[in-house]
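> The structure that follows is given in the form of structure tokens.
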Amino acid sequence: MGATVISPTYLSAYLLLLCLVCSLKEGYAKGRRATVAESHHLEHSHTIQVSSLLPSSICSPATKVLECVCDAWFPVSVLDKKSSLQVVHKHGPCSQLYHHDKANIPTHAEILLQDVARVKSIHSKLAKSLGSTKVDQTDAANIPAKDGSVVGSGNYVVTVGLGTPKKDLTLIFDTGSDITWTQCQPCVGTCYKQQDPVFAPSLSSTYSNISCSSTTCNSLASATGNTPGCSSSACVYGIQYGDSSFSVGIFAKEKLTLTSTDVFDDFLFGCGQNNQGLFGGAAGLIGLGRDKLSLPSQTASKYKKYFSYCLPSSASSTGFLSFGYGGVSKFVKFTTLTTLSQGASFYGIDIVGISVGGKKLPISASVFTAGGAIIDSGTVITRLPPTAYTALSSEFRKLMSRYPKAQPLSILDTCYDFTKFSSVSVPKISIFFSGGVEVPIAAKGILYVNAISQVCLAFAGNTDDTEVGIFGNTQQKTLQVVYDGVGGKLGFATGGCT
């Protein structure tokens with residue numbers, strides 16, 4: 001029986017059908033690959049409405065957080081929580097300081113220059129042991145100071161009560177400082193302009209000076225870096241921030257009121273009679289560092305050195321500062337706090353990695369351990385070892401290649417012009433800490449906005465890999481950051497005050 005011969009017509013039709021099937025399969029595969037790629041892109045990027053990047057002149061309090069109870073989410077007002085204070089950005093519309101002195105709000109370029117000065121000050125302190133300098137009440141007149149210095153302070157303020165009867169004071173809170181101080185009457189030297197009335201110790205029934213012969217007075221050296229002085233048997237403190245701003249005055253004790261139920265007698269603080277530097281109209285500073293004179297240490301019998309805060313997503317929103325265990329997210333992830341040999345009052349952390357757009361960057365662990373790192377509420381822009389920053393900015397630029405570049409802004413060298421876009425897609429960034437803790441940075445914590453035509457990656461590199469890294473406040477936005485001083489742990493939870 002002979003072989004069957006396929007007619008040329010049938011063969012042509014059959015081959016055409018095969019080609020069509022292959023073409024459909026290839027198209028399906030390409031489409032699937034494209035869908036997977038698009039899905040991966042969406043999963044590892046933030047879609048941001050460009051209009052949302054613009055600053056608002058209206059305060060929109062973010063007083064609600066979500067808490068999970070029995071697998072259900074419920075909104076909870078953070079200010080209903082015990083031992084909780086409202087946090088606002090000192091230059092935003094939620095702050096009375098903003099309305100008090102709008103004309104002197106610094107530009108973004110000025111803020112970043114001030115940030116450079118603060119970081120240099122921290123690096124200087126950590127690079128060597130500071131020489132101890134003795135201070136007297138009149139010494140501050142000889143300390144060089146210039147307008148614009150906010151080296152020793154931060155961006156965020158809270159309001160607390162001091163004295164009897166209680167006087168409300170708006171103070172900057174700073175995890176990089178230890179001593180709490182406020183301007184006091186009389187001003188022996190100079191006092192800068194502040195929004196609240198200057199505190200008058202003579203009108204408080206619970207105020208008293210600390211003797212310069214007491215051990216309490218001697219403890220100032222570790223908190224301020226200066227040997228205390230003496231004026232008519234009263235202990236004199238002096239603290240300088242970087243090379244410019246300072247506060248000098250009487251070291252005293254007074255009643256401190258955090259909330260209606262959280263009142264502390266004999267709280268040690270600086271009653272500043274000679275103060276200089278632009279502190280944004282705030283009355284002084286709350287020190288949240290690790291020294292024994294810091295607020296967490298002085299209130300340890302009640303709060304066990306346990307506090308948390310959430311920095312708002314923008315200057316037109318609000319966050320919180322809470323003391324004690326109440327109100328801490330059940331989803332907080334803890335890493336270990338470390339101690340830096342030359343800066344025991346700083347909160348040391350171990351950064352171990354960075355991811356951009358879902359991709360873990362190939363950075364050697366030794367790059368992060370060379371200088372170590374701290375977390376600081378007063379530093380605006382996170383500082384990374386230059387090797388790590390180069391890897392981060394390179395990958396970020398690659399994923400942002402569709403957007404036109406803009407001129408650098410001060411220390412920020414990776415900037416974009418979004419004027420022709422209604423929405424943009426920005427790669428997600430995560431910082432990894434020891435103990436397997438991944439902290440996703442909020443969209444508002446990735447970008448620093450000067451204008452829609454100049455939106456920058458909000459990270460910068462140090463000069464050298466051996467300089468200490470700093471996890472700054474822009475990257476901390478909307479995170480609940482939990483400090484467990486007794487347990488030696490630092491925790492993070494997302495969505496703290498969104």
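> Where residues in region 320-341 are within 20 Å of the chain's Cα centre (by Cα) and of a type in the set (S, T, N, Q), which of them is modelled with the lowest pLDDT?
So, considering only residues that are within 20 Å of the chain's Cα centre (by Cα) and of a type in the set (S, T, N, Q), the one modelled with the lowest pLDDT is S329.
> Return a yes/no flag: does region 168-188 have any residue that is touching a His at 6+ places or on another chain (Cβ under 7 Å) and assigned to a loop (DSSP other than H, G, I, E, B). Show your work before the answer.
We begin by selecting, within region 168-188, every residue touching a His at 6+ places or on another chain (Cβ under 7 Å); these are none.
Within region 168-188, none of the residues are touching a His at 6+ places or on another chain (Cβ under 7 Å) and assigned to a loop (DSSP other than H, G, I, E, B).
> Being farther than 14 Å from K253 by Cα and touching a Gly at 6+ places or on another chain (Cβ under 9 Å) is the filter here, so list the residues in region 208-226 that pass it.
Once the filter is applied, which keeps residues that are farther than 14 Å from K253 by Cα and touching a Gly at 6+ places or on another chain (Cβ under 9 Å), region 208-226 yields A223, T224, G225, N226.
> Here is a follow-up. Evaluate the following for E395: is it over 22 Å from the mean Cα position of the chain (by Cα), over 20 Å from L112 (Cα atoms), at pLDDT 95 or above and of a type in the set (D, E)?
In short, yes.
> Out of all the residues in region 215-262, which are within 27 Å of the chain's Cα centre (by Cα) and among the hydrophobic types (A, V, I, L, M, F, W, C)?
Listed by number, the residues that qualify are L220, A221, A223, I239, F246, V248, L256, L258.
> Another one. When you look at I429, is it open to solvent by 10 Å² or more (accessible area, probe 1.4 Å) and among the β-branched types (V, I, T), yes or no?
no
> Another question about this same structure. Take the residues of region 72-106 that are modelled with pLDDT of 80 or more and either on the phi > 0 side of the Ramachandran plot or in a helix (DSSP H, G or I) (or both): which is surrounded by the most Cβ atoms within 10 Å (Cβ to Cβ)?
S83
> Restricting the search to region 287-319, which residues are part of a loop (DSSP other than H, G, I, E, B), modelled with pLDDT of 95 or more and open to solvent by 30 Å² or more (accessible area, probe 1.4 Å)?
Answer for region 287-319, where residues must be part of a loop (DSSP other than H, G, I, E, B), modelled with pLDDT of 95 or more and open to solvent by 30 Å² or more (accessible area, probe 1.4 Å): R290, K292, K304, K305.
> Within region 221-248, take every residue that is over 20 Å from Y207 (Cα atoms) and not in a strand (DSSP E or B) and give me the one that is modelled with the lowest pLDDT. Walk me through it before giving the result.
To start, the set of residues in region 221-248 that are over 20 Å from Y207 (Cα atoms) comprises 221-227, 239-246.
Of the ones still in play, those that are also not in a strand (DSSP E or B) are 221-225, 242-244.
Working: A221: 92, S222: 89, A223: 91, T224: 90, G225: 86, G242: 63, D243: 47, S244: 70.
Applying the filter and picking the extreme gives D243.
> In region 320-357, how many are assigned to a loop (DSSP other than H, G, I, E, B), under 16 Å from I122 (Cβ atoms) and not small (G, A, S)?
Going through region 320-357 one residue at a time, the tally reaches 1.
> Tell me yes or no: at least one residue of region 361-372 is open to solvent by less than 10 Å² (accessible area, probe 1.4 Å), touching a residue at least 12 places away in the same chain (Cβ under 8 Å) and more than 26 Å from P106 (Cα to Cα).
no
> Residue by residue through region 320-350, note down the ones that are closer than 22 Å to I179 by Cβ, open to solvent by 20 Å² or more (accessible area, probe 1.4 Å), touching a residue at least 12 places away in the same chain (Cβ under 8 Å) and out of contact with any strand residue (DSSP E or B) (no Cβ under 6 Å at 6 or more places or on another chain).
Q342, A344
> Checking the conditions here, which among F269, F279, F251 is closer than 25 Å to K193 by Cα, touching a residue at least 24 places away in the same chain (Cβ under 8 Å) and either part of a loop (DSSP other than H, G, I, E, B) or not assigned by the TED database to the domain that holds D291 (or both)?
After ruling out the rest, the residue left standing is F279.
> Given the conditions (1) at pLDDT below 90; (2) not in a strand (DSSP E or B), report the number of the one that V119 does not fulfil.
(1)
The values are calculated or read from the model by the stated rules, or taken from the named source; none is laboratory data. Keep in mind the model is a prediction, meaning the values are calculated, not measured. In this analysis, Cβ positions are derived from the backbone assuming ideal geometry, glycine residues included, and neighbour counts consider all displayed protein chains. The protein model used for the area step is the full one, side chains on, heavy atoms only, and it has no ligands, DNA or RNA in it. Shrake-Rupley method; radii C 1.70, N 1.55, O 1.52, S 1.80 Å.
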